[in-house]
(Lines give C-alpha, C1' and ligand atoms only; values in the text may rest on other atoms or scores of the structure.)
Protein backbone atom coordinates (compact mmCIF):
# COMPACT_ATOMS: atom_id res chain seq x y z
CA UNK A 1 0.00 0.00 0.00
CA UNK A 2 1.33 3.39 -0.95
CA UNK A 3 2.40 5.51 2.01
CA UNK A 4 0.15 8.45 2.74
CA UNK A 5 -0.22 10.95 5.50
CA UNK A 6 -2.68 9.92 8.19
CA UNK A 7 -5.95 11.77 8.43
CA UNK A 8 -5.89 14.53 11.04
CA UNK A 9 -8.23 14.56 14.03
CA UNK A 10 -9.24 17.25 16.49
CA UNK A 11 -10.37 14.76 19.14
CA UNK A 12 -9.74 11.05 19.87
CA UNK A 13 -11.73 8.54 17.82
CA UNK A 14 -14.42 6.39 19.40
CA UNK A 15 -14.81 2.60 19.10
CA UNK A 16 -17.67 3.11 16.66
CA UNK A 17 -15.59 5.44 14.50
CA UNK A 18 -12.65 3.04 14.45
CA UNK A 19 -14.90 0.13 13.45
CA UNK A 20 -16.05 2.17 10.44
CA UNK A 21 -12.48 2.79 9.20
CA UNK A 22 -12.38 0.18 6.43
CA UNK A 23 -11.06 1.93 3.33
CA UNK A 24 -7.30 1.54 2.69
CA UNK A 25 -5.29 4.27 4.39
CA UNK A 26 -3.68 5.48 7.60
CA UNK A 27 -6.07 6.95 10.15
CA UNK A 28 -5.09 9.01 13.17
CA UNK A 29 -7.24 8.11 16.17
CA UNK A 30 -5.56 10.58 18.53
CA UNK A 31 -2.58 10.66 20.91
CA UNK A 32 -0.10 9.50 18.26
CA UNK A 33 -2.01 6.27 17.58
CA UNK A 34 -2.68 5.23 13.96
CA UNK A 35 -4.92 2.59 12.42
CA UNK A 36 -3.48 1.23 9.16
CA UNK A 37 -5.89 -0.39 6.69
CA UNK A 38 -4.30 -2.34 3.82
CA UNK A 39 -5.71 -2.97 0.35
CA UNK A 40 -6.60 -6.50 1.46
CA UNK A 41 -8.75 -5.08 4.26
CA UNK A 42 -6.55 -6.10 7.21
CA UNK A 43 -6.22 -3.50 9.93
CA UNK A 44 -3.44 -2.94 12.46
CA UNK A 45 -2.22 -0.41 15.00
CA UNK A 46 0.88 1.78 14.93
CA UNK A 47 2.10 3.93 17.79
CA UNK A 48 4.00 7.04 16.70
CA UNK A 49 6.58 7.80 19.41
CA UNK A 50 9.64 10.05 19.79
CA UNK A 51 12.46 7.88 21.15
CA UNK A 52 15.04 9.23 23.67
CA UNK A 53 17.13 10.60 20.77
CA UNK A 54 14.04 12.50 19.51
CA UNK A 55 13.70 10.32 16.42
CA UNK A 56 10.16 9.52 15.36
CA UNK A 57 9.47 5.78 15.56
CA UNK A 58 6.42 3.96 14.18
CA UNK A 59 5.90 0.88 16.34
CA UNK A 60 3.42 -1.89 15.50
CA UNK A 61 0.98 -2.80 18.27
CA UNK A 62 -0.83 -5.70 16.64
CA UNK A 63 -3.93 -6.32 14.55
CA UNK A 64 -7.35 -4.74 14.99
CA UNK A 65 -9.81 -5.86 16.33
CA UNK A 66 -7.68 -8.51 18.11
CA UNK A 67 -6.07 -5.56 19.89
CA UNK A 68 -8.89 -3.24 20.93
CA UNK A 69 -8.79 0.55 20.73
CA UNK A 70 -8.57 0.70 24.52
CA UNK A 71 -5.62 -1.70 24.66
CA UNK A 72 -3.85 0.01 21.76
CA UNK A 73 -4.14 3.38 23.53
CA UNK A 74 -2.84 1.83 26.73
CA UNK A 75 0.16 0.27 25.00
CA UNK A 76 0.93 3.47 23.07
CA UNK A 77 0.81 5.41 26.34
CA UNK A 78 3.21 2.94 27.96
CA UNK A 79 5.66 3.42 25.09
CA UNK A 80 5.50 7.21 25.34
CA UNK A 81 6.21 6.92 29.06
CA UNK A 82 9.19 4.66 28.35
CA UNK A 83 10.59 7.20 25.90
CA UNK A 84 10.16 10.03 28.42
CA UNK A 85 12.10 7.95 30.95
CA UNK A 86 14.96 7.44 28.49
CA UNK A 87 14.05 3.87 27.46
CA UNK A 88 13.98 2.99 23.76
CA UNK A 89 10.45 1.56 23.31
CA UNK A 90 11.48 -0.44 20.22
CA UNK A 91 14.26 -2.19 22.13
CA UNK A 92 11.94 -2.74 25.09
CA UNK A 93 9.30 -4.30 22.82
CA UNK A 94 11.85 -6.63 21.24
CA UNK A 95 13.08 -7.72 24.67
CA UNK A 96 9.52 -8.40 25.82
CA UNK A 97 8.76 -10.41 22.68
CA UNK A 98 11.81 -12.58 23.38
CA UNK A 99 10.77 -13.37 26.96
CA UNK A 100 6.96 -13.74 26.77
CA UNK A 101 5.89 -17.03 25.13
CA UNK A 102 3.10 -17.46 22.64
CA UNK A 103 -0.16 -18.93 23.87
CA UNK A 104 0.68 -22.23 22.15
CA UNK A 105 4.10 -22.34 23.79
CA UNK A 106 2.62 -21.50 27.20
CA UNK A 107 -0.04 -24.20 26.81
CA UNK A 108 2.56 -26.77 25.79
CA UNK A 109 4.77 -25.89 28.77
CA UNK A 110 1.86 -25.93 31.23
CA UNK A 111 0.75 -29.30 29.87
CA UNK A 112 4.26 -30.74 30.00
CA UNK A 113 4.93 -29.55 33.55
CA UNK A 114 1.78 -31.20 34.89
CA UNK A 115 1.38 -34.20 32.59
CA UNK A 116 1.78 -36.62 35.49
CA UNK A 117 -1.15 -34.98 37.28
CA UNK A 118 -3.75 -36.13 34.75
CA UNK A 119 -5.90 -39.10 35.72
CA UNK A 120 -4.74 -41.12 32.75
CA UNK A 121 -3.08 -40.84 29.35
CA UNK A 122 -6.43 -40.38 27.60
CA UNK A 123 -7.33 -37.28 29.62
CA UNK A 124 -3.81 -35.91 29.24
CA UNK A 125 -4.02 -36.18 25.44
CA UNK A 126 -7.58 -34.84 25.28
CA UNK A 127 -6.54 -31.70 27.16
CA UNK A 128 -3.87 -30.60 24.69
CA UNK A 129 -5.66 -32.01 21.61
CA UNK A 130 -8.75 -29.88 22.27
CA UNK A 131 -6.58 -26.75 22.40
CA UNK A 132 -4.74 -27.81 19.26
CA UNK A 133 -8.04 -28.22 17.39
CA UNK A 134 -10.09 -25.30 18.68
CA UNK A 135 -7.79 -22.72 20.33
CA UNK A 136 -4.39 -22.76 18.64
CA UNK A 137 -5.64 -21.77 15.15
CA UNK A 138 -6.89 -18.43 16.50
CA UNK A 139 -4.81 -17.92 19.64
CA UNK A 140 -1.67 -20.01 19.24
CA UNK A 141 0.56 -17.38 17.62
CA UNK A 142 -0.45 -14.57 19.99
CA UNK A 143 1.85 -13.75 22.89
CA UNK A 144 0.13 -15.10 25.97
CA UNK A 145 -0.18 -11.58 27.40
CA UNK A 146 -2.16 -10.60 24.28
CA UNK A 147 -4.84 -13.25 24.78
CA UNK A 148 -7.82 -11.24 25.98
CA UNK A 149 -11.58 -11.63 26.20
CA UNK A 150 -12.45 -10.54 22.64
CA UNK A 151 -9.81 -12.86 21.16
CA UNK A 152 -11.20 -15.84 23.09
CA UNK A 153 -14.77 -14.96 22.09
CA UNK A 154 -13.74 -14.96 18.42
CA UNK A 155 -11.98 -18.30 18.83
CA UNK A 156 -14.91 -20.04 20.53
CA UNK A 157 -17.89 -18.49 18.75
CA UNK A 158 -17.81 -20.99 15.80
CA UNK A 159 -18.23 -23.98 18.17
CA UNK A 160 -20.04 -22.42 21.15
CA UNK A 161 -23.54 -23.52 20.07
CA UNK A 162 -22.51 -26.41 17.78
CA UNK A 163 -20.29 -28.20 20.32
CA UNK A 164 -21.39 -26.62 23.63
CA UNK A 165 -19.78 -29.11 26.01
CA UNK A 166 -16.49 -29.13 24.10
CA UNK A 167 -16.51 -25.34 23.88
CA UNK A 168 -16.98 -24.98 27.65
CA UNK A 169 -14.07 -27.33 28.27
CA UNK A 170 -11.85 -25.45 25.83
CA UNK A 171 -12.72 -22.18 27.59
CA UNK A 172 -11.77 -23.73 30.92
CA UNK A 173 -8.47 -24.95 29.50
CA UNK A 174 -7.63 -21.64 27.84
CA UNK A 175 -8.31 -19.94 31.18
CA UNK A 176 -6.04 -22.47 32.89
CA UNK A 177 -3.17 -21.71 30.51
CA UNK A 178 -3.63 -18.00 31.19
CA UNK A 179 -3.69 -18.68 34.95
CA UNK A 180 -0.42 -20.62 34.56
CA UNK A 181 1.01 -17.60 32.72
CA UNK A 182 -0.03 -15.26 35.54
CA UNK A 183 1.68 -17.56 38.04
CA UNK A 184 4.88 -17.43 35.95
CA UNK A 185 4.85 -13.65 35.57
CA UNK A 186 4.05 -13.54 31.85
CA UNK A 187 0.92 -11.45 32.39
CA UNK A 188 -0.78 -9.56 35.20
CA UNK A 189 -4.33 -10.88 35.20
CA UNK A 190 -6.47 -13.90 34.41
CA UNK A 191 -9.13 -14.07 31.72
CA UNK A 192 -12.52 -12.44 32.44
CA UNK A 193 -14.38 -15.74 31.99
CA UNK A 194 -17.73 -14.28 33.05
CA UNK A 195 -17.44 -11.48 30.48
CA UNK A 196 -16.36 -13.95 27.79
CA UNK A 197 -19.48 -16.04 28.41
CA UNK A 198 -21.60 -12.89 28.12
CA UNK A 199 -19.99 -12.16 24.75
CA UNK A 200 -20.90 -15.57 23.34
CA UNK A 201 -24.32 -16.63 22.03
CA UNK A 202 -26.78 -18.45 24.26
CA UNK A 203 -26.10 -22.17 24.16
CA UNK A 204 -29.05 -24.45 23.34
CA UNK A 205 -31.09 -25.62 26.29
CA UNK A 206 -30.76 -29.26 27.25
CA UNK A 207 -33.92 -31.20 26.48
CA UNK A 208 -35.19 -33.61 29.16
CA UNK A 209 -34.14 -37.16 28.39
CA UNK A 210 -35.43 -38.83 31.50
CA UNK A 211 -37.25 -37.78 34.60
CA UNK A 212 -34.98 -35.48 36.57
CA UNK A 213 -32.14 -35.51 34.02
CA UNK A 214 -31.18 -33.57 30.92
CA UNK A 215 -30.18 -34.91 27.50
CA UNK A 216 -26.72 -35.87 28.77
CA UNK A 217 -28.02 -37.65 31.85
CA UNK A 218 -27.15 -34.77 34.18
CA UNK A 219 -29.46 -33.88 37.06
CA UNK A 220 -31.97 -31.20 36.06
CA UNK A 221 -31.35 -27.98 37.96
CA UNK A 222 -33.69 -25.27 39.09
CA UNK A 223 -32.85 -21.88 37.60
CA UNK A 224 -30.91 -19.82 40.13
CA UNK A 225 -33.07 -16.84 39.13
CA UNK A 226 -36.08 -18.69 40.59
CA UNK A 227 -34.21 -19.89 43.67
CA UNK A 228 -35.28 -17.09 46.08
CA UNK A 229 -38.95 -17.74 45.24
CA UNK A 230 -38.40 -21.47 45.83
CA UNK A 231 -36.78 -20.83 49.20
CA UNK A 232 -39.60 -18.51 50.27
CA UNK A 233 -42.16 -21.19 49.41
CA UNK A 234 -40.15 -23.91 51.15
CA UNK A 235 -39.82 -21.91 54.35
CA UNK A 236 -43.53 -21.20 54.30
CA UNK A 237 -44.42 -24.89 53.96
CA UNK A 238 -44.11 -25.67 57.66
CA UNK A 239 -41.35 -27.30 59.66
CA UNK A 240 -40.43 -30.96 59.21
CA UNK A 241 -37.27 -33.02 59.46
CA UNK A 242 -37.14 -33.61 55.70
CA UNK A 243 -37.79 -29.93 54.93
CA UNK A 244 -34.96 -28.90 57.26
CA UNK A 245 -32.62 -31.42 55.63
CA UNK A 246 -33.53 -30.02 52.21
CA UNK A 247 -32.86 -26.47 53.39
CA UNK A 248 -29.39 -27.47 54.63
CA UNK A 249 -28.69 -29.14 51.26
CA UNK A 250 -29.66 -25.98 49.39
CA UNK A 251 -27.69 -23.65 51.70
CA UNK A 252 -24.50 -25.74 51.73
CA UNK A 253 -24.85 -27.32 48.23
CA UNK A 254 -23.84 -30.64 49.73
CA UNK A 255 -25.07 -33.94 48.32
CA UNK A 256 -28.33 -35.34 49.65
CA UNK A 257 -26.69 -38.31 51.35
CA UNK A 258 -24.18 -36.06 53.11
CA UNK A 259 -26.99 -34.07 54.74
CA UNK A 260 -29.24 -37.03 55.49
CA UNK A 261 -26.34 -38.83 57.12
CA UNK A 262 -25.06 -35.77 59.04
CA UNK A 263 -24.01 -36.46 62.63
CA UNK A 264 -23.82 -34.05 65.52
CA UNK A 265 -20.15 -34.88 66.04
CA UNK A 266 -19.36 -33.39 62.62
CA UNK A 267 -20.46 -29.86 63.59
CA UNK A 268 -18.35 -27.22 65.32
CA UNK A 269 -20.91 -24.52 66.06
CA UNK A 270 -18.31 -22.22 67.66
CA UNK A 271 -16.50 -22.07 64.31
CA UNK A 272 -19.71 -22.44 62.26
CA UNK A 273 -18.19 -25.37 60.36
CA UNK A 274 -19.37 -28.80 59.28
CA UNK A 275 -16.62 -31.33 58.62
CA UNK A 276 -17.76 -34.40 56.69
CA UNK A 277 -15.36 -37.36 56.97
CA UNK A 278 -13.86 -38.80 53.82
CA UNK A 279 -15.84 -42.02 54.02
CA UNK A 280 -19.06 -40.02 53.54
CA UNK A 281 -17.73 -37.93 50.64
CA UNK A 282 -17.90 -39.03 47.01
CA UNK A 283 -14.31 -37.90 46.43
CA UNK A 284 -13.16 -39.81 49.52
CA UNK A 285 -11.48 -36.77 51.08
CA UNK A 286 -12.58 -35.00 54.28
CA UNK A 287 -14.48 -31.82 53.44
CA UNK A 288 -15.16 -28.84 55.71
CA UNK A 289 -18.16 -26.66 54.86
CA UNK A 290 -18.30 -23.14 56.32
CA UNK A 291 -21.84 -22.54 57.56
CA UNK A 292 -23.70 -19.35 56.73
CA UNK A 293 -25.88 -17.80 59.46
CA UNK A 294 -28.91 -19.31 57.72
CA UNK A 295 -27.35 -22.78 57.77
CA UNK A 296 -26.42 -22.38 61.44
CA UNK A 297 -30.06 -21.51 62.14
CA UNK A 298 -31.18 -24.81 60.56
CA UNK A 299 -28.83 -26.81 62.77
CA UNK A 300 -29.85 -24.86 65.88
CA UNK A 301 -33.52 -25.62 65.15
CA UNK A 302 -32.67 -29.31 64.94
CA UNK A 303 -30.73 -29.06 68.20
CA UNK A 304 -33.89 -27.84 69.96
CA UNK A 305 -35.76 -31.02 69.03
CA UNK A 306 -32.74 -33.28 69.35
CA UNK A 307 -33.46 -36.73 70.71
CA UNK A 308 -30.99 -39.45 71.52
CA UNK A 309 -30.00 -40.06 67.91
CA UNK A 310 -26.49 -39.20 66.79
CA UNK A 311 -28.06 -38.22 63.45
CA UNK A 312 -29.09 -34.60 62.88
CA UNK A 313 -31.97 -35.65 60.60
CA UNK A 314 -33.09 -39.13 61.72
CA UNK A 315 -36.12 -40.87 60.25
CA UNK A 316 -39.05 -41.84 62.48
CA UNK A 317 -37.39 -45.20 63.00
CA UNK A 318 -34.21 -43.46 64.14
CA UNK A 319 -32.27 -44.50 61.05
CA UNK A 320 -30.86 -42.34 58.24
CA UNK A 321 -33.61 -40.45 56.44
CA UNK A 322 -34.38 -41.82 52.97
CA UNK A 323 -33.61 -39.96 49.78
CA UNK A 324 -37.30 -40.25 48.86
CA UNK A 325 -38.34 -38.22 51.92
CA UNK A 326 -36.23 -35.23 50.86
CA UNK A 327 -37.14 -35.59 47.18
CA UNK A 328 -40.87 -35.52 47.99
CA UNK A 329 -40.54 -32.13 49.66
CA UNK A 330 -38.53 -30.82 46.72
CA UNK A 331 -40.96 -32.14 44.10
CA UNK A 332 -43.85 -30.29 45.74
CA UNK A 333 -42.02 -27.06 44.97
CA UNK A 334 -40.21 -27.87 41.70
CA UNK A 335 -41.60 -30.97 40.00
CA UNK A 336 -39.25 -31.00 36.98
CA UNK A 337 -35.94 -30.64 38.81
CA UNK A 338 -33.96 -32.69 41.31
CA UNK A 339 -32.42 -32.08 44.70
CA UNK A 340 -28.97 -32.75 43.25
CA UNK A 341 -29.63 -30.07 40.63
CA UNK A 342 -29.13 -27.41 43.31
CA UNK A 343 -25.40 -27.93 42.94
CA UNK A 344 -25.64 -26.93 39.27
CA UNK A 345 -27.82 -23.95 40.18
CA UNK A 346 -25.16 -22.80 42.65
CA UNK A 347 -22.38 -23.22 40.09
CA UNK A 348 -24.35 -21.29 37.45
CA UNK A 349 -25.09 -18.50 39.93
CA UNK A 350 -21.43 -18.23 40.94
CA UNK A 351 -20.25 -18.24 37.31
CA UNK A 352 -22.78 -15.72 36.00
CA UNK A 353 -23.39 -13.44 38.98
CA UNK A 354 -20.01 -13.31 40.74
CA UNK A 355 -16.33 -13.01 39.81
CA UNK A 356 -15.27 -15.81 42.18
CA UNK A 357 -12.66 -18.04 40.46
CA UNK A 358 -13.84 -21.48 39.40
CA UNK A 359 -11.44 -23.34 41.70
CA UNK A 360 -13.10 -21.79 44.76
CA UNK A 361 -16.57 -22.68 43.46
CA UNK A 362 -15.45 -26.25 42.76
CA UNK A 363 -13.92 -26.46 46.23
CA UNK A 364 -17.29 -25.44 47.67
CA UNK A 365 -18.83 -28.38 45.78
CA UNK A 366 -16.14 -30.77 47.09
CA UNK A 367 -15.28 -31.66 43.51
CA UNK A 368 -12.07 -33.30 42.45
CA UNK A 369 -10.84 -31.07 39.64
CA UNK A 370 -11.00 -32.84 36.24
CA UNK A 371 -8.45 -30.33 34.96
CA UNK A 372 -5.34 -31.72 36.62
CA UNK A 373 -3.05 -28.97 35.29
CA UNK A 374 -5.18 -26.45 37.13
CA UNK A 375 -5.68 -28.71 40.16
CA UNK A 376 -1.93 -29.15 40.58
CA UNK A 377 -1.63 -25.49 41.60
CA UNK A 378 -4.20 -25.85 44.36
CA UNK A 379 -2.49 -25.86 47.77
CA UNK A 380 -5.41 -24.69 49.90
CA UNK A 381 -9.07 -25.52 50.45
CA UNK A 382 -10.03 -21.80 50.34
CA UNK A 383 -12.02 -22.13 53.58
CA UNK A 384 -12.33 -18.42 54.37
CA UNK A 385 -13.04 -17.51 50.75
CA UNK A 386 -15.73 -20.19 50.68
CA UNK A 387 -17.18 -18.78 53.90
CA UNK A 388 -17.78 -15.46 52.13
CA UNK A 389 -19.17 -17.25 49.08
CA UNK A 390 -21.63 -19.38 51.07
CA UNK A 391 -22.81 -16.36 53.07
CA UNK A 392 -23.47 -14.50 49.81
CA UNK A 393 -25.33 -17.54 48.41
CA UNK A 394 -27.52 -17.75 51.53
CA UNK A 395 -28.24 -14.01 51.39
CA UNK A 396 -29.14 -14.28 47.69
CA UNK A 397 -31.50 -17.20 48.40
CA UNK A 398 -33.10 -15.21 51.18
CA UNK A 399 -33.96 -12.40 48.78
CA UNK A 400 -31.43 -9.95 50.24
CA UNK A 401 -30.83 -7.39 47.47
CA UNK A 402 -27.51 -6.47 49.07
CA UNK A 403 -26.15 -10.03 48.94
CA UNK A 404 -23.05 -8.84 47.06
CA UNK A 405 -22.02 -6.96 50.21
CA UNK A 406 -21.28 -10.40 51.67
CA UNK A 407 -18.81 -11.07 48.89
CA UNK A 408 -15.74 -8.83 48.60
CA UNK A 409 -13.83 -9.33 45.35
CA UNK A 410 -12.15 -12.74 45.28
CA UNK A 411 -10.06 -12.86 42.13
CA UNK A 412 -6.90 -14.25 40.62
CA UNK A 413 -4.61 -12.28 42.93
CA UNK A 414 -6.24 -13.86 45.99
CA UNK A 415 -6.00 -17.35 44.58
CA UNK A 416 -2.34 -17.07 43.53
CA UNK A 417 -1.42 -15.49 46.87
CA UNK A 418 -2.96 -18.47 48.65
CA UNK A 419 -1.12 -20.89 46.36
CA UNK A 420 2.22 -19.23 47.08
CA UNK A 421 1.58 -19.07 50.83
CA UNK A 422 0.57 -22.72 51.00
CA UNK A 423 3.36 -24.01 48.75
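Here residue 390 fulfils each of the conditions (1) surrounded by 20 or more Cβ atoms within 10 Å (Cβ to Cβ); (2) modelled with pLDDT under 90; (3) touching a strand residue (DSSP E or B) at 6+ places or on another chain (Cβ under 8 Å) apart from (2).
With respect to residue 137, is the statement that it is loosely packed, with under 15 Cβ neighbours inside 10 Å, modelled with pLDDT of 90 or more, assigned by TED's automatic domain parsing to the domain that holds residue 177 and under 30 Å from residue 70 (Cα atoms) true? First the steps, then the outcome.
Working: loosely packed, with under 15 Cβ neighbours inside 10 Å: yes; modelled with pLDDT of 90 or more: yes; assigned by TED's automatic domain parsing to the domain that holds residue 177: yes; under 30 Å from residue 70 (Cα atoms): yes.
Spelling it out, residue 137 is indeed loosely packed, with under 15 Cβ neighbours inside 10 Å, modelled with pLDDT of 90 or more, assigned by TED's automatic domain parsing to the domain that holds residue 177 and under 30 Å from residue 70 (Cα atoms).
Within segment 190-226, being at pLDDT below 85 and either loosely packed, with under 12 Cβ neighbours inside 10 Å or closer than 30 Å to residue 106 by Cα (or both) holds for 190, 204, 205, 207, 210, 211, 216, 217. Taken residue by residue, segment 323-332 has at least one member that is more than 18 Å from residue 258 (Cα to Cα), more than 32 Å from the chain's Cα centre (by Cα), in the same structural domain as residue 261 (by TED's automatic domain parsing) and in contact (Cβ under 8 Å) with a residue 40 or more places away in the chain. Among residues of segment 336-360 that are over 22 Å from residue 325 (Cα atoms) and in the same structural domain as residue 323 (by TED's automatic domain parsing), those with a beta-carbon under 7 Å from a residue that is in a loop (DSSP other than H, G, I, E, B) and modelled with pLDDT of 90 or more at least six positions away or on a different chain give the pairs 346/253; 347/365.
Of all residues in segment 39-62, those that are in contact (Cβ under 8 Å) with a residue 60 or more places away in the chain have Cβ atoms under 9 Å from Cβ atoms of residues that are not in a strand (DSSP E or B), 6 or more apart or on another chain, in 62/71; 62/72; 62/75; 62/142; 62/146. With respect to the stated conditions, residue 110 is within 17 Å of residue 169 (Cα to Cα), outside the structural domain of residue 70 (by TED's automatic domain parsing) and modelled with pLDDT under 95.
When only residues in segment 22-53 that are part of a loop (DSSP other than H, G, I, E, B) and crowded, with 18+ Cβ neighbours inside 10 Å count, which is modelled with the highest pLDDT? Outline the logic, then answer.
Applying the first criterion (part of a loop (DSSP other than H, G, I, E, B)) to segment 22-53 yields 22-24, 31-32, 38-42, 51-53.
Filter once more, so that each one left must be crowded, with 18+ Cβ neighbours inside 10 Å: 32, 51.
On the way: 32: 85, 51: 78.
The extreme case among them is 32.
Listed conditions (1) surrounded by 14 or more Cβ atoms within 10 Å (Cβ to Cβ); (2) assigned to a loop (DSSP other than H, G, I, E, B); (3) modelled with pLDDT under 85 are all met by residue 180, apart from (2). Residue-level analysis places residue 364 among those that are surrounded by 20 or more Cβ atoms within 10 Å (Cβ to Cβ), modelled with pLDDT of 90 or more and closer than 21 Å to residue 259 by Cα.
The values are calculated or read from the model by the stated rules, or taken from the named source; none is laboratory data. As the structure is a prediction and not an experimental result, all values here were calculated from the model. Note that each Cβ is placed from the backbone with ideal geometry, even for glycine, and that neighbours are counted across all protein chains shown.
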